[in-house]
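Derivation of every value follows stated rules applied to the coordinates shown; laboratory data play no part. This is a predicted model, so every value here is computed, not measured. All Cβ positions, glycine included, derive from the backbone under ideal geometry; neighbour counts span all protein chains shown.
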Amino acid sequence: MSVGMRSQHYQALDNYTVPSGGCTKMGLTKIGDTVGFFYETKDAGEIVTVVSQMDQVELAKKAGSGEAIAQGAKVYYEAASASLTGTAGSNTLCGRCLKAAGADDTTVLVAFNGLCAA
């Protein structure tokens, strides 16, 4: 699977100033209590839209031992890896898994709601 949007229905934080280092399209981030992903690739200081909710979207998933995510399971944003995981811990709830993802998969299809934790 490749990372990408599957729905045209979304909510977003508009006019967000890209931090140092820039941002990559579909890259995950956390702004305050809101998890989102960048709508497009931009350089530091430019303005970008950060999508906070989308019915179906395929995003980066943490890969490795113990990182399988079952269909219907909650998914969380892990800041250390800037990816999604099925592990709650100190991570931030941001949606549900729509299609099971294996431990070695690097993407996961989710119903994304970065406002869950707010």
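Do any residues in the stretch 19-46 that are free of Cβ contacts under 8 Å to residues at least 40 places away in the same chain and of a type in the set (Gly, Ala, Ser) have Cβ atoms under 8 Å from those of residues that are loosely packed, with under 15 Cβ neighbours inside 10 Å and outside any loop (DSSP other than H, G, I, E, B), where the two are at least six apart or on different chains, and which pairs are they?
Gly45/Thr17
Does the stretch 85-106 hold any residues that are in contact (Cβ under 8 Å) with a residue 40 or more places away in the chain and farther than 12 Å from Gly64 by Cα, and which are they?
Listed by number, the residues that qualify are Thr92, Cys94, Leu98.
Just one of (1) among the β-branched types (Val, Ile, Thr); (2) surrounded by fewer than 17 Cβ atoms within 10 Å (Cβ to Cβ); (3) touching a Ser or Thr at 6+ places or on another chain (Cβ under 9 Å) trips up Thr87, so point out which.
With (1) among the β-branched types (Val, Ile, Thr); (2) surrounded by fewer than 17 Cβ atoms within 10 Å (Cβ to Cβ); (3) touching a Ser or Thr at 6+ places or on another chain (Cβ under 9 Å) applied to Thr87, the lone miss is (3).
Could you count how many residues in the stretch 23-66 are over 14 Å from Gly114 (Cα atoms) and hydrophobic (A, V, I, L, M, F, W, C)?
6
I'm trying to understand the selection: among the residues of the stretch 8-18, which are among the polar types (S, T, N, Q) and in contact (Cβ under 8 Å) with a residue 24 or more places away in the chain?
Keep residues of the stretch 8-18 that are among the polar types (S, T, N, Q), which gives 8, 11, 15, 17.
Matches in the stretch 8-18: Gln11, Asn15, Thr17.
Restricting to the stretch 75-115, what's the tally of residues that are part of a loop (DSSP other than H, G, I, E, B), over 21 Å from Asp55 (Cβ atoms) and within 10 Å of the chain's Cα centre (by Cα)? Before you say what the answer is, go through the steps one by one.
Step one: filter the stretch 75-115 for residues part of a loop (DSSP other than H, G, I, E, B), giving 79-82, 86-91, 98-100, 102-106, 114-115.
Remaining after also requiring over 21 Å from Asp55 (Cβ atoms): 79-82, 87-91, 102-104, 106.
Restricting the remaining residues to those that are within 10 Å of the chain's Cα centre (by Cα) gives 82.
The total comes to 1.
So Glu58 ticks every box in (1) surrounded by 18 or more Cβ atoms within 10 Å (Cβ to Cβ); (2) acidic (Asp, Glu); (3) not in a strand (DSSP E or B) but one. Which box is left unticked?
Of everything listed in (1) surrounded by 18 or more Cβ atoms within 10 Å (Cβ to Cβ); (2) acidic (Asp, Glu); (3) not in a strand (DSSP E or B), Glu58 misses just condition (3).
In this structure, does Asp105 turn out to be in contact with a His (Cβ under 7 Å, 6 or more places away or on another chain), of a type outside the set (Ser, Thr, Tyr), more than 19 Å from Tyr16 (Cβ to Cβ) and surrounded by fewer than 19 Cβ atoms within 10 Å (Cβ to Cβ)?
So Asp105 fails the test.
Considering only the stretch 27-54, how many residues are crowded, with 16+ Cβ neighbours inside 10 Å and part of a strand (DSSP E or B)?
Number satisfying all stated conditions: 16.
Quick one: in the stretch 26-74, which of the residues that are within 10 Å of the chain's Cα centre (by Cα) and polar (S, T, N, Q) is nearest to Ala111 (Cα to Cα)?
Looking at residues that are within 10 Å of the chain's Cα centre (by Cα) and polar (S, T, N, Q), I get Gln53.
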